[in-house]
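Following: one structure in structure tokens, then a few remarks.
Readers should treat all values here as calculations from the given coordinates under stated rules, not as data from a laboratory. Computed from a predicted structure; not experimentally measured. Positions of Cβ are backbone-derived with ideal geometry, glycine not excepted, and every protein chain shown enters the neighbour counts.
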Amino acid sequence: KMGAFWQEEVVYQIYPRSFMDSNGDGIGDLRGIISKLDYLKELGVGIVWLSPVYKSPNDDNGYDISDYQDIMDEFGTMDDWEELLHGLHERGIRLIMDLVVNHSSDEHSWFQESKKSKDNPYRDFYIWKPGKGDGSEPNNWVSFFGGSAWQYDEVTDEYYLHLFSKKQPDLNWENPRLRRAVYDMMTFWLEKGIDGFRMDVINCISKAEGLPSAGDDKYAWGGEFFLCGPRLEQYLKEMNEEVLSKYDVMTVGEMPGVTPELAARYTDPANKELNMVFHFETMDIDAGEGGKWNFTKWKLADLKAVTNKWQYGLNGRGWNSLYLNNHDQPRMVSRFGDDTVYRKESAKLLATFLHTLQGTPYIFQGEEIGMTNVKFDNIDQYRDIETLNFFKEAVHDGGMPVEQAMAAIYAKSRDNARTPMQWNESKHAGFTTGEPWIGVNPNFKEINVEDALRDKDSIFHYYKKLIQLRKQHPIMIYGDYDIVAEEHEQIYAYTRTWRNEKWIVILNFSDREAEFTLPEKLEEYRSGSQLIISNYENVTERPISEWNLRPYEARVYRLV
Ligand code: TEU
Ligand code: CA
């Protein structure tokens, strides 16, 4: 063991509502997860990130918490949760929980108290402001989910801030009593034996002094005033000092808008803040003007540029988290690969990319069997508040043609990631014996776990092999990244160097053949090579000089 467990293990994210339903109510639950622990063991993952399972009215599917220390009714009981933790630990798999403390649900008792009166002891657990004289909100910020970030409450004639839905009021981190309450809650879960936290939009918790408007428009994006704010590091250091430093745990902070320079500070072990962050710069390479719904085709040059920034930017300073999808993003094989002709090859190529960069790879449930985006016929089949708000704002308020809105939803809706896990080809893909809370992707008969386990050439077995390689080769974890042939239009190639070992990763990100010649700076290696892994059969061990790579062909060689 060279480093920390969170550097050496692969993380698997479970979105419990869509993973496995055990009681036929059409909603995934904890006992459903318990029934699939041997599947996770078979895959070889070492850590599970469990999206929120706390009590919630599910306005944002659990990211709106009404009791941080009890289990959501639909998901089961605290005993079920204890059994899940035990089941994971006895299989040598760690569990990290989702910490959602930028905001709570408006149904949390803290908020129910806070809204009662201006002098209620819990008033300052949240961010309340009077409107401006002319009846408009305290400032012009819009929420991540559209519309104003302020909601008027007539009882006390003030507005409260909600960067997300109006049922997700922002917690006031300026208040030391609120911070203490959060630390006590974290300790409650750590004392139960969890192995760390994924921290939801943790870089939003410090807002700029005075909450200033962004420009003069009636509504505008105010990110500059709440992303990576003035007291963020103070709060992270305090949280580390008060709670995290007392346990052998991992932390990964979700940080929209974070840059490599800031991430290097937040993840520098000497700063005692976080271990890792999730950035969004790779997720932004196909966003047009005005954000994700105006999508454009992503360019390989941009993928290389962003990956260079983060690989070089954190090397030797912090630690990267590596992902291409999660419960908020479309499915990676549809977005960055090809979910038609070359689905298997491109899914394996993307997996090779993520697992051969420097950092910790995160697998989102279903990615390991190449699950794809979904195309429901109409908006009534969608569930995600962000998607529904977009449709209403764009079509009903903005007059956008339905087809155009649906095309944007097909490309970018978070529900692409939230259709039920496809276990087998029985009804509802074996996810539930009831009516699923959201439709199953109709392609489940071709794409499911049962087939994947049986097919030795499946995406699943390729992931399993990548994870095994990681356990055998420290270079995959610790090797320095260095891009080669950066100008190549189809191929993304880079080396990993560790002590006296050097690997080269060659990825044809196109659906056409591509030629690759080893660049000058590696000419000393032209004579030999040892194939480590590839996503096509019959790959010869020809000496390294030039190859033709087939569509979406991925190869990893040890250079000798
Ligand atoms: O996501 C924060 C976030 O930035 C996402 O909302 C993202 O910007 C957007 O979804 C892109 O489509 C976290 C959780 O992961 C997300 O599920 C929650 O909705 C959100 O915070 C509020 O808790
Ligand atoms: Ca259920």
Using +1 on the beta carbon of Lys and Arg, -1 on that of Asp and Glu, and nothing else charged, what's the dipole of region 476-559 about the Cα centre, debye to 20?
360 debye
Rank these for me by crowding, 153, 328, going from fewest to most other beta carbons within 10 Å.
153, 328
Given charges at Cβ of Lys, Arg, Asp, Glu: region 476-559 dipole, positive-most of 493, 507, 533:
533
Give me a comma-separated list of calculated 3J(HN,Hα) values for region 499-515, in order, Karplus coefficients 6.51, -1.76, 1.60 applied at θ = phi - 60°, integers in Hz, x for any Gly or Pro.
6, 9, 10, 9, 10, 10, 10, 10, 10, 8, 7, 10, 8, 10, 4, 9, 9
For residue 549, what residues show an amide H to amide H distance below 5 Å, using hydrogens built from the backbone and excluding near sequence neighbours?
514, 515, 516
If r is the Cβ-Cβ distance from residue 284 to residue 132 and R0 is 41 Å, what FRET efficiency results, to the nearest 0.05?
0.80
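For region 109-161, what class follows from the C-alpha gyration tensor (a ≥ b ≥ c being the square roots of its eigenvalues): rounded when a/c is under 1.5, otherwise prolate if a/b is larger than b/c, else oblate? All intermediate terms of the calculation are to be shown ahead of the outcome.
Numbers: a/c = 2.55, a/b = 1.50, b/c = 1.70.
Oblate shape, in that a/c is at least 1.5 and b/c is the bigger or equal ratio.
DSSP loop (so not H, G, I, E, B), at most 14 other Cβ within 10 Å: list which GluC sites (Glu not before Pro) in region 116-198 pass both filters. Show your work: numbers first, answer last.
Numbers: sites: 154, 158, 174, 191; in loops: 154, 174.
Sites meeting the loop and neighbour criteria: 154.
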Quick one: angle between helix 232-242 and the longest Cα principal axis of the chain, in degrees between 0 and 90, rounded to 10, please.
90 degrees
Over what distance in Å are the Cα centres of region 408-455 and region 257-284 separated?
33 Å
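Ranked highest first by the average count of other Cβ atoms within 10 Å around their residues, in what order do 58-67, 33-42, 518-527 fall? Spell out each step's value before the answer.
Working: 58-67: 22.3, 33-42: 17.3, 518-527: 13.5.
By packing density, highest mean first, the sequence is 58-67, 33-42, 518-527.
Could you pull out the GluC sites (Glu not before Pro) across region 50-112 that fall in loop regions by DSSP (anything but H, G, I, E, B) with no more than 16 other Cβ atoms inside 10 Å?
Within region 50-112, the qualifying GluC sites (Glu not before Pro) (loop, at most 16 other Cβ atoms within 10 Å) are 107.
Given 115/292; 299/412; 445/471; 41/344; 116/292; 297/456, which pairs have Cα atoms separated by over 27 Å? Kindly include the intermediate steps, with their values, before the conclusion.
Details: 115/292 34 Å; 299/412 17 Å; 445/471 33 Å; 41/344 22 Å; 116/292 38 Å; 297/456 33 Å.
Result: 115/292; 445/471; 116/292; 297/456 exceed 27 Å.
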Sequence neighbours fewer than 8 away in the same chain don't count; with that in mind, list the aspartates and glutamates whose C-alpha is under 15 Å from residue 392.
380, 384, 403
For the Cα atoms of the chain, what angle does the longest principal axis make with the long axis of helix 402-412, in degrees from 0 to 90, nearest 10?
60 degrees
For the Cα atoms of the chain, what angle does the longest principal axis make with the long axis of helix 176-191, in degrees from 0 to 90, nearest 10?
50 degrees
For region 521-539 and region 181-212, write down the distance between their C-alpha centroids in whole Å.
46 Å
Relative contact order of the chain, pairs being alpha-carbon contacts under 8 Å that are 6 or more residues apart, as %:
13 percent
Measure out, as a whole number of angstrom, how far apart the alpha-carbon centroids of region 99-164 and region 346-371 sit.
39 Å
Residues whose built amide H sits under 5 Å from the amide H of residue 141, excluding neighbours closer than 5 in sequence, are 149, 214, 220
Once you put a point 7 Å from the Cα of residue 526 and another 7 Å from the Cα of residue 208, both along the Cβ direction, what distance in nm separates them?
5.6 nm
Looking at region 169-250, how many pairs of lysines come closer than 23 Å at the Cα, when each pair is eight or more places apart or spans two chains?
5
